[in-house]
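Below: the structure, in structure tokens.
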Amino acid sequence: MIAELICVGTELLMGQVTNTNAKYIAEQLAPTGIDMYHQIVVGDNPQRLTEAVKTAFSRADIVIFSGGLGPTDDDLTKETVAETLGLKLELYPEEWDRITAYFAKTGRTAAPNNQKQAMFPRPSIILPNPNGTAPGCIMEQNGKAAILLPGPPRELIPMFRDHALPYLLQKSGHKLYSRELRIFGKGESDVTYLLDDLIKAQTNPTIAPYAKTGEVTLRITAQCQTEAEGEALVLPMIRTIRERLGDLIYSDCGEPLPVVCHKALLARGETLAGAESCTGGLLSSAFVDLSGSSAYFIEGAVTYANDAKMRRLGVSKETLDTVGPVSEECAREMAEGLRKRAGTTYALATTGIAGPDGGTPDTPVGTVYVSYASEAETIVKRLQLNGDRTKIRQIAVLHILDLLRRKVCTY
């Protein structure tokens, strides 16, 4: 079974709105076992939308639409799809009652043009929208199906999850079961070289590598009838890959590095503080973004200036004057100083040159020191990173998180 996605809206074409709906729907569609070969973005133009609808139905069994279900004249999706399928719209009184009640709850009155949102072919499968005025719907005709969803993500996501996805699962009759291995420490080319024979021989399950900023993801996917069957197919492959890659794999269920460290620290009941120079708060944000991190993350110090490193962390003036702030000695003193002052189990520290200026022949742009300190030991690593300022800072955070997870995670 083949599906196609059409996202409707001139604002998408002009870049005024990021098309997060396409990403969400594609991610949700993959486990259903329904193939998607094309996605289309089309503006609010009836002729071009009609052409897109005809093209999509010529090569897909199910076409999913996002946007264009509003009350204004340029909201044309429902009308265009119905006309293309040879269906006639009529008023659903029960939906008009729901729309007027939705307005009344906020002290407003539905305008006459809102009535077009309650018009559908009969029969249609109505997809309720408790978060807005535009119901979605499913139209079926001549073995084809059109699934119409509203554009705002806060309306589309629950409607797709609660109503469209069960319909798709029923249609597909099977599903895909996937597990995501996340890898840090080698690039995509190295990882695929180590797994070359497995990738070439793959049938069911399949192995799909993806390069992300500073790390690699492997998606292991099995076609199956049940989740238990899928898991039984995928787990032996995961074990084989673990034998090849060892502790380069930090998660086999798609969890990012901050979450892996977060869960380990919560389980261990230990505490953490972070001292940052070049990363400027990115390390602290990686933990603060996670609910519950206050149980272990005690404080973060952005000590960008030398004076702040001395005053806040206890870095010695001699260190700064002799070897400078971007040095093994400074990184060590930053981590050790903060751990003692914060009274935490662990402390992490970053210092470096993110560029584009400030490098020297001995300490070029991209030189970063990351440090981990506990009562038992202090570890400092020198990194030579490539990329622009943002990328260097992001990858530096991944390196120090990887250093932490190797100390706090058990596998």
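If I filter the range 233-242 for residues that are touching a Phe, Trp or Tyr at 6+ places or on another chain (Cβ under 8 Å) and either assigned to a helix (DSSP H, G or I) or of a type outside the set (Ser, Thr, Tyr) (or both), do I get at least one hit? Before you say what the answer is, go through the steps one by one.
Of the range 233-242, the ones touching a Phe, Trp or Tyr at 6+ places or on another chain (Cβ under 8 Å) are 233-234.
Right, trim to either assigned to a helix (DSSP H, G or I) or of a type outside the set (Ser, Thr, Tyr) (or both) and you get 233-234.
Taking every residue of the range 233-242 in turn, at least one turns out to be touching a Phe, Trp or Tyr at 6+ places or on another chain (Cβ under 8 Å) and either assigned to a helix (DSSP H, G or I) or of a type outside the set (Ser, Thr, Tyr) (or both).
Going through 212, 263 one at a time, which residue ends up being closer than 25 Å to residue 387 by Cα and either modelled with pLDDT of 95 or more or not β-branched (Val, Ile, Thr) (or both)?
After ruling out the rest, the residue left standing is 212.
Do we have residue 254 as over 24 Å from residue 32 (Cα atoms), out of contact with any helix residue (DSSP H, G or I) (no Cβ under 6 Å at 6 or more places or on another chain) and open to solvent by 10 Å² or more (accessible area, probe 1.4 Å) here? Don't jump to the end; show me each part of the working.
Details: over 24 Å from residue 32 (Cα atoms): no; out of contact with any helix residue (DSSP H, G or I) (no Cβ under 6 Å at 6 or more places or on another chain): yes; open to solvent by 10 Å² or more (accessible area, probe 1.4 Å): yes.
Here the answer is no, as residue 254 does not meet what is asked.
Within the range 341-367, which residues are of a type in the set (D, E, K, R), free of Cβ contacts under 8 Å to residues at least 12 places away in the same chain and closer than 26 Å to residue 311 by Cβ? Working first, answer last.
We begin by selecting, within the range 341-367, every residue of a type in the set (D, E, K, R); these are 341, 357, 362.
From what's left, free of Cβ contacts under 8 Å to residues at least 12 places away in the same chain: 357, 362.
Passing the criteria: only 357.
I want to confirm something. Restricting to the range 31-62 and keeping residues that are assigned to a loop (DSSP other than H, G, I, E, B) and touching a helix residue (DSSP H, G or I) at 6+ places or on another chain (Cβ under 7 Å), which single residue is surrounded by the fewest Cβ atoms within 10 Å (Cβ to Cβ)?
Initial filter on the range 31-62 (assigned to a loop (DSSP other than H, G, I, E, B)): 33-34, 43-45, 60-61.
Now narrow it down to the ones that are touching a helix residue (DSSP H, G or I) at 6+ places or on another chain (Cβ under 7 Å): 33-34, 43-44.
Numbers: 33: 19, 34: 21, 43: 16, 44: 21.
The qualifying residue surrounded by the fewest Cβ atoms within 10 Å (Cβ to Cβ) is 43.
List pairs: first residue in the range 246-264 and at positive phi, second residue open to solvent by 20 Å² or more (accessible area, probe 1.4 Å) anywhere in the structure, Cβ distance under 9 angstrom, at least six positions apart or on different chains.
So the pair list comes out as 254/178; 254/179; 254/180; 254/182; 254/219.
Condition check: in a helix (DSSP H, G or I), farther than 30 Å from residue 295 by Cα and among the β-branched types (Val, Ile, Thr). Does residue 207 satisfy that?
No.
Would you please list the contacts, defined by Cβ atoms under 6 Å and residues six or more apart or on different chains, that run from a residue in the range 9-25 that is within 12 Å of residue 40 (Cα to Cα) to a residue that is part of a loop (DSSP other than H, G, I, E, B) and open to solvent by 40 Å² or more (accessible area, probe 1.4 Å)?
12/19
Working only within the range 246-269, note down all residues that are in a helix (DSSP H, G or I) and hydrophobic (A, V, I, L, M, F, W, C). Show your work before the answer.
Of the range 246-269, the ones in a helix (DSSP H, G or I) are 246-248, 257-268.
If the condition is that a residue be in a helix (DSSP H, G or I) and hydrophobic (A, V, I, L, M, F, W, C), then 248, 257, 259, 260, 261, 264, 265, 266, 267 are the ones that fit.
All but one of (1) of a type in the set (Phe, Trp, Tyr); (2) under 21 Å from residue 72 (Cβ atoms); (3) touching a strand residue (DSSP E or B) at 6+ places or on another chain (Cβ under 6 Å) hold for residue 184; which doesn't?
Of (1) of a type in the set (Phe, Trp, Tyr); (2) under 21 Å from residue 72 (Cβ atoms); (3) touching a strand residue (DSSP E or B) at 6+ places or on another chain (Cβ under 6 Å), only one is false for residue 184: (2).
Out of (1) open to solvent by 50 Å² or more (accessible area, probe 1.4 Å); (2) in contact with an Asp or Glu (Cβ under 7 Å, 6 or more places away or on another chain); (3) touching a residue at least 60 places away in the same chain (Cβ under 8 Å); (4) of a type outside the set (Val, Ile, Thr), the odd one out for residue 28 is which?
The single condition residue 28 does not satisfy is (2).
For the subset of the range 181-215 comprising residues that are open to solvent by 60 Å² or more (accessible area, probe 1.4 Å) and β-branched (Val, Ile, Thr), which member is nearest to residue 405 (Cα to Cα)? Outline the logic, then answer.
From the range 181-215, those open to solvent by 60 Å² or more (accessible area, probe 1.4 Å) are 186, 188-190, 193-194, 196-197, 200-201, 203-204, 210-213; that's our starting set.
Then keep just the ones that are β-branched (Val, Ile, Thr); that gives 203, 213.
Working: 203: 33, 213: 18 Å.
Only one residue tops the list, namely 213.
Among residues belonging to the range 135-192 that are part of a strand (DSSP E or B) and among the polar types (S, T, N, Q), point out the one that is nearest to residue 218 (Cα to Cα).
178
Has the range 270-284 got any residue that is within 18 Å of residue 407 (Cα to Cα), outside any strand (DSSP E or B) and open to solvent by 50 Å² or more (accessible area, probe 1.4 Å)?
Within the range 270-284, not a single residue is within 18 Å of residue 407 (Cα to Cα), outside any strand (DSSP E or B) and open to solvent by 50 Å² or more (accessible area, probe 1.4 Å).
Within the range 112-125, track down each residue that is open to solvent by 40 Å² or more (accessible area, probe 1.4 Å) and either among the hydrophobic types (A, V, I, L, M, F, W, C) or under 19 Å from residue 157 (Cα atoms) (or both).
If the condition is that a residue be open to solvent by 40 Å² or more (accessible area, probe 1.4 Å) and either among the hydrophobic types (A, V, I, L, M, F, W, C) or under 19 Å from residue 157 (Cα atoms) (or both), then 119, 125 are the ones that fit.
Which one is modelled with the lowest pLDDT among residues in the range 361-406 that are closer than 17 Å to residue 329 by Cβ and loosely packed, with under 15 Cβ neighbours inside 10 Å?
Taking the candidates together, the pick is 362.
The values are calculated or read from the model by the stated rules, or taken from the named source; none is laboratory data. All values derive from a computational prediction rather than experimental measurement. No Cβ is skipped: glycine too gets one built from the backbone with ideal geometry, and neighbour counts run over all protein chains shown. Protein only, heavy atoms only, side chains kept; ligands, DNA and RNA dropped before computing areas. Shrake-Rupley method; radii C 1.70, N 1.55, O 1.52, S 1.80 Å.
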